[in-house]
Structure formats: structure tokens, C-alpha cells
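The values are calculated or read from the model by the stated rules, or taken from the named source; none is laboratory data. All figures in this text were calculated on a predicted structure; none of them were measured in a lab. Backbone-built Cβ (ideal geometry, glycine too); neighbour counts: all protein chains shown. Surface accessibility is based on the protein's heavy atoms, side chains included, excluding ligands, DNA and RNA. Shrake-Rupley method; radii C 1.70, N 1.55, O 1.52, S 1.80 Å.
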Amino acid sequence: MKKLEFRKKNCATVVMQYVVLCFFMFASLYGFSQKAPTVKSTADTTLIKIGEQIRFEIQVEVDSLDQVIFPEGQTFAPLEMVEAYKIDTVKKKDRILLQRIYALTQFDSGVYNLPRQKVIINSKDFFTDSLHINVATVAVDTIAQKMYDIKPMIAVEKSSSGWWKIILGIVLGLAVIGGLLYWFVFREKPLTEDEKVALLPPFDRAILELKKLENSKYIIQDEYKQYYSELTNIVRSYIEEDVHVTALESTTDQLIEKLELLKDAGELELDTETINQFKKVLQTADLVKFAKSRPADSVAEQDRKSVEQIVIKTKEAIPEPTAEELLENEEYLEELAKKQQKKKWFIAAAAVAGVFFISVAATIGYYGFGSVKDTVLRHPTKQLLDGEWISSSYGYPPISIETPKVMLRQEVPLPPEAKATVKELSMFIYRNAESLFTVATTATMFVQQEEPDFEKTINNLLKNFEDKGAKNITTKQEDFVTLTGVKGIKTYGSGQFSVPESKELIQGKYVILSFGGKGFLQQVLITWQKDDTYAEEMVTRILNSVEVKSEA
């Protein structure tokens with residue numbers, strides 16, 4: 001009996017230990033397991049007037065380490081997102097509550113379905129509930145306020161706000177060139193001391209240079225050769241300029257002989273004593289320069305004074321110029337001034353031409369000859385490519401796309417047989433006749449909530465090409481995925497297409513993008529001329545910008 005009781009006690013103990021162990025295991029598992037994320041959505045109202053806003057709030061409760069991605073962009077169609085507020089974070093015990101509010105509106109009356117919004121948590125998709133939003137019209141008193149017909153659409157010219165930068169750049173460039181030309185060419189530059197001396201009359205310049213020679217240190221430093229070289233150059237230069245004889249290149253005897261001939265001819269009223277004195281100074285200078293003679297300091301100083309008197313007497317001996325000579329001299333100075341002015345204008349024109357050709361060469365080297373040529377000649381597709389592009393959404397379900405120009409709505413009458421299946425059709429087109437470039441979008445809502453027949457609609461588009469005169473159309477097809485991951489079909493190829501107001505066919509290319517889901521179809525069509533590199537760049541840019549919704 002004692003053994004049986006002992007065994008029972010042991011069994012009870014083991015059972016209790018097992019129960020306690022299981023309790024702690026379940027408690028620990030419960031304490032450390034992660035709760036599933038929760039996603040809720042609310043709206044402050046479901047009834048608004050046209051243009052009023054709804055505050056749509058999404059609440060996500062997750063663990064602190066979870067990664068959450070809220071909806072971004074225009075994902076609320078047919079409602080339009082006005083603003084997405086910052087995410088508000090609230091700590092809730094060991095979890096966090098993330099709240100984000102979106103301001104939504106609609107400018108057409110009716111009942112709209114706000115679609116489910118996708119919230120990504122740790123790479124998994126969670127969806128909010130959908131809502132019905134009633135947009136009521138604003139009551140209008142038609143008695144007090146008259147009703148008017150809807151105005152037709154009008155073309156709006158593109159804003160020229162960017163041209164001021166180009167004009168400002170051109171003006172600044174011209175101002176810089178003009179300033180440089182004025183400073184280096186046309187400006188009256190301040191004269192240096194040597195230039196001021198050079199502009200003095202020959203007599204005044206000779207007397208000034210003799211005064212400078214008097215104050216020089218040649219004699220003190222026994223530099224007689226330099227002293228007499230300058231002394232004779234001063235007097236020879238004066239005689240050559242004022243008396244008009246070749247004095248600088250003449251020997252002493254030749255120069256004296258020329259002066260005596262002028263004296264005998266009555267063209268220079270210079271006395272014999274002055275000529276002899278001049279000859280004596282020249283002979284002394286020759287001895288110093290060529291025979292290394294060293295005269296006394298007093299002789300050197302006296303020779304300078306003698307040369308000064310010779311210059312003065314020579315000035316007095318020159319006959320006064322006649323009226324004809326003065327006129328000829330004035331005409332000569334005028335002609336010289338004209339030549340100098342022409343030289344300045346030539347330098348200015350050469351500078352402008354040089355800057356122009358250097359700029360053109362640098363531009364061609366950077367952008368290439370073809371690009372520069374097409375820019376100057378205003379190639380139509382290059383103008384479109386380089387212009388200001390427009391990003392917008394077209395139709396419903398909306399097709400977001402970037403185009404070189406705004407696409408215009410086209411009124412498309414539905415045939416009777418299509419009205420039974422098509423609920424709504426919206427088409428937008430931009431066509432450039434110069435470059436034969438076209439981009440168009442169509443958004444179709446069907447009566448039945450069924451998947452669209454892509455093959456049939458694509459064949460209809462290709463048949464439409466043929467009906468308009470296109471020939472030799474080639475067709476290829478592949479999958480297409482937008483940047484946000486929406487899948488579609490890309491149909492592309494080439495052919496010979498007709499040109500408006502022409503019987504000739506041109507080689508062209510085309511691309512058709514097709515997207516859709518239950519009850520709707522979205523398509524993008526682009527056509528352009530073959531071998532147009534600028535059009536190819538535009539097509540690539542347009543295709544990369546296409547965004548659509550995966551559900552209506």
C-alpha cells in the first residue's frame with residue numbers, strides 16, 4: 001500500500017510538473033509571438049458638394065520593426081487626391097499605430113466608388129474597404145443667375161516664360177563682347193610718358209629730350225659714347241622730321257652737304273656759322289663713337305648747348321608752310337584718322353567673328369554637327385523633344401502620360417452596334433503634321449464587367465491603318481510593364497503610311513500599348529516617321545512615363 005501511494009504521489013508530481021511546463025511554454029509563445037498587422041480606413045463624410053474635400057484616413061497597427069508603404073499618387077480615381085498629409089505615429093504598448101490622412105475631391109456630381117487602397121506591409125499586400133461617395137450638385141438659382149452655353153475649347157499658346165533666360169543670356173554675352181571691344185579697341189587709353197612725348201611736335205620733343213640729356217649721368221659715369229649717340233640722334237631725328245631730309249642714315253659729310261644744298265636753294269635760311277658748328281659737333285661725336293675719343297666734360301656740355309642752339313636756329317630757318325601745304329597736311333591727318341578708325345572696326349569685326357566661330361565650333365564639338373544644324377534649321381521633332389513637356393492624366397480610367405504638347409479631347413460618336421457594349425469612350429490626340437508624329441490615348445468603359453478582348457481591339461486599330469491607305473504593315477508583340485508594375489501588351493512594327501494631302505506613302509513606325517481589366521480598356525497609340533532619331537527619343541520618353549490603374 002505504501003509503495004502504491006508513493007507511486008501515485010510521484011505520478012501526481014510528474015503531471016503537475018508537465019502542466020506547469022506546458023503553461024510556461026504557451027505563455028512564452030504567446031508573449032513573444034507577433035500579432036498580425038491590422039489595416040482600417042475611415043472617411044469623415046460620404047456626402048459632399050462639388051469641389052468639397054473628404055478626409056480619408058488609413059490606420060495601420062503593426063510591430064515597431066515592420067515596414068509599411070502607404071498608397072502614393074493618384075490611386076483614388078475617380079476621386080482626385082488634393083493632398084497627402086504626413087504620417088502620424090502613435091506608440092501603443094509594444095506596437096505602433098500609423099495614421100495617414102488624404103484630402104480627396106471630385107468636380108462632377110454623381111455617386112462614385114472609392115476603390116480599395118493597397119497598403120504594403122513587409123512585402124505583403126493589405127487592402128482597405130471600398131466606399132461609396134455621393135457628390136451632390138450645388139443648387140443654382142436660374143432666375144437670379146442666367147444660364148449660359150458651355151464655351152468651346154480654345155487653343156492656348158504656350159507660355160514664353162523660358163525665353164527671357166535665352167534673351168538674357170544673349171544680351172549678357174553681347175554686353176561682355178561690347179565691353180571687351182570698348183576697353184581694348186575703342187577706349188581712349190591714358191597715354192604713357194613716352195607716348196605723350198612722341199605726340200609732341202618735333203621741335204618741342206627735341207628740346208625736351210635735350211633737357212633730359214642734360215640731367216643724365218652719362219658724363220659722370222664716363223659713358224661718352226651713349227651721351228653722344230643720344231645727342232646726335234636727337235638732332236638728326238629733328239632735322240629729318242622738320243626739314244624733311246634723310247638725316248638718321250646719312251654720314252656727317254652727307255648730312256652737311258644736304259643742309260648746304262637746301263641753304264643754297266633758299267629752302268633753309270640757315271647761316272654758314274651754324275652749319276659749321278653742327279659739323280664740328282658731328283665730327284666730335286664720330287671720334288667718340290668710332291675712335292673711342294674722350295673729350296673733356298666741359299666740351300661735352302658745350303656740345304649739348306650747341307646742338308640746342310642749332311635746333312632753335314634750324315626751327316627759325318624753316319620757311320612757314322603755305323596754305324596749300326597746311327591743307328594737304330590736314331587732309332593727310334584726316335585720312336590717317338580714318339585709317340585708324342577703320343583699323344579699329346576691323347579689329348572689332350574680327351573679334352566678334354572669332355568669338356562666333358569659336359562658339360559654333362565648341363557647340364558642334366559638344367552637341368555634334370547634326371544636332372546644331374537641326375536646332376538652327378528648327379527641325380520639327382527636335383523642337384518637340386527640346387520643348388517644355390506636359391505631364392497629365394487623360395480619360396477614365398485615367399491614363400497618366402508625358403507628352404511634348406497637350407493632347408486634345410476628340411468627340412468620337414459611337415456606332416449603334418457599339419452602344420450596347422460600350423458605356424463610355426474618351427479619346428485624346430496630339431498630331432504634328434510637320435514631323436508626322438502622333439500620340440493618342442483611349443479609355444473605354446464597358447457595360448459588362450468582363451475582361452476586354454485585346455486581340456480584337458488591336459486588329460481593329462491595324463485595320464484602321466489599312467483603311468487609311470497604309471501598306472506592308474509588320475507586327476510584333478511583347479509584354480509591357482509600367483514603372484509601377486502594371487502589366488500590359490506592347491504591339492509594334494513598321495509600314496508605309498499615308499500622309500494627309502499627299503498621295504505618297506512614307507516609311508513609318510507605330511506602337512500600341514494595351515491595358516485593361518474587368519469592364520475597362522486603356523490604349524496608347526504612337527506613330528512616327530522612320531529613321532527620325534529625335535522621334536525615337538520622344539517615343540522612349542513617352543513609353544517610360546505611361547502609368548495606368550490595374551482596376552477601374
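With the crude spin-label approximation of a point 7 Å out along Cα→Cβ, what separation in nm comes out for Lys49 versus Asp271?
Those two pseudo-labels are separated by 12.0 nm.
Straight-line reach from Lys258: which aspartates and glutamates have a Cα under 16 Å away, not including same-chain ones fewer than 8 places off?
Glu240, Glu241, Asp242, Glu249, Glu267, Glu269, Asp271, Glu273
Once you put a point 7 Å from the Cα of Asp467 and another 7 Å from the Cα of Ala291, both along the Cβ direction, what distance in nm separates them?
12.1 nm
Can you bin the range 397-552 into rounded, prolate or oblate? Criterion: square roots of the alpha carbon gyration tensor eigenvalues sorted a ≥ b ≥ c, rounded for a/c under 1.5, prolate for a/b above b/c, oblate for the rest.
Prolate.
Peptides 235-241, 131-137: what's the order by average Cβ count within 10 Å, highest mean first? Kindly include the intermediate steps, with their values, before the conclusion.
On the way: 235-241: 19.9, 131-137: 15.6.
Going by the mean number of other Cβ atoms within 10 Å, highest first, we get 235-241, 131-137.
For the range 478-493, in order, what is each residue's ³J(HN,Hα) by Karplus, 6.51 cos²θ - 1.76 cosθ + 1.60 with θ = phi - 60°, in whole Hz (x at glycine and Pro)?
Using θ = phi - 60°, the values come out as 7, 6, 10, 10, 6, 5, 8, x, 7, 8, x, 10, 10, 10, 8, x Hz.
³J(HN,Hα) across the range 337-345 via Karplus (A = 6.51, B = -1.76, C = 1.60, θ = phi - 60°), whole Hz, x for Gly/Pro?
Per-residue couplings from phi come out as 5, 5, 4, 5, 5, 4, 4, 5, 5 Hz.
Tabulate in residue order the Karplus-calculated ³J(HN,Hα) for the range 208-222, using 6.51 cos²θ - 1.76 cosθ + 1.60 with θ = phi - 60°, rounded to whole Hz; enter x for Gly and Pro.
5, 5, 5, 5, 5, 5, 4, 8, 6, 10, 4, 5, 4, 8, 6
So, R0 is 30 Å and r is the distance between the beta-carbons of Thr475 and Glu388; what FRET efficiency does that work out to, to 0.05?
Taking R0 as 30 Å, the efficiency between Thr475 and Glu388 is 0.30.
By per-residue mean of other Cβ atoms within 10 Å, what is the highest-first order of 206-212, 272-278, 121-127?
So the order, starting with the most tightly packed, is 206-212, 272-278, 121-127.
Take each of the peptides 453-460, 312-319, average the number of other beta-carbon atoms within 10 Å over its residues, and list them starting from the highest.
312-319, 453-460
Once you sort the root eigenvalues of the Cα gyration tensor of the range 192-324 as a ≥ b ≥ c, which label holds: rounded (a/c under 1.5), prolate (a/b larger than b/c) or oblate (the other case)?
Values: a/c = 2.07, a/b = 1.32, b/c = 1.57.
It comes out oblate by the Cα gyration axes.
Tell me, in nm to one decimal, what length is gained between Gln410 and Ile347 on full extension, where the rule is 0.36 nm per residue of separation less the Cα-Cα distance? Let's see the in-between values first.
Numbers: separation 63, 0.36 × 63 = 22.68 nm, distance 6.00 nm.
Computed gain between Gln410 and Ile347 is 16.7 nm.
In whole percent, how big is the carbon plus sulfur part of the accessible area of the range 230-342, probe 1.4 Å, protein atoms only? Mind dumping the intermediate values first?
Values: 3580 of 7300 Å².
Of all accessible area on the range 230-342, carbon and sulfur atoms account for 49 percent.
Averaged per residue, what accessible surface does the range 342-481 expose to a 1.4 Å probe, in Å²?
66 Å²
Rounded to a whole number, what % of the accessible area of the range 440-517 do carbon and sulfur atoms account for, probe 1.4 Å?
47 percent
If the chain between Asp129 and Asn544 were fully stretched, how many nm would it gain, using 0.36 nm times the residue separation less the Cα-Cα distance?
Full extension of this stretch gives 146.3 nm more.
Using 19 Å as the Cα-Cα cut-off, could you pick out the over-long pairs in Lys212/Lys279; Lys118/Lys490; Lys211/Lys305; Lys405/Lys503; Lys419/Lys463; Lys263/Lys313?
Where the Cα-Cα span goes over 19 Å, the pairs concerned are Lys212/Lys279; Lys118/Lys490; Lys405/Lys503; Lys419/Lys463.
For Lys280, list the aspartates and glutamates whose Cα falls under 12 Å from its own Cα; do not include residues on the same chain fewer than 8 positions away.
Asp253, Asp303
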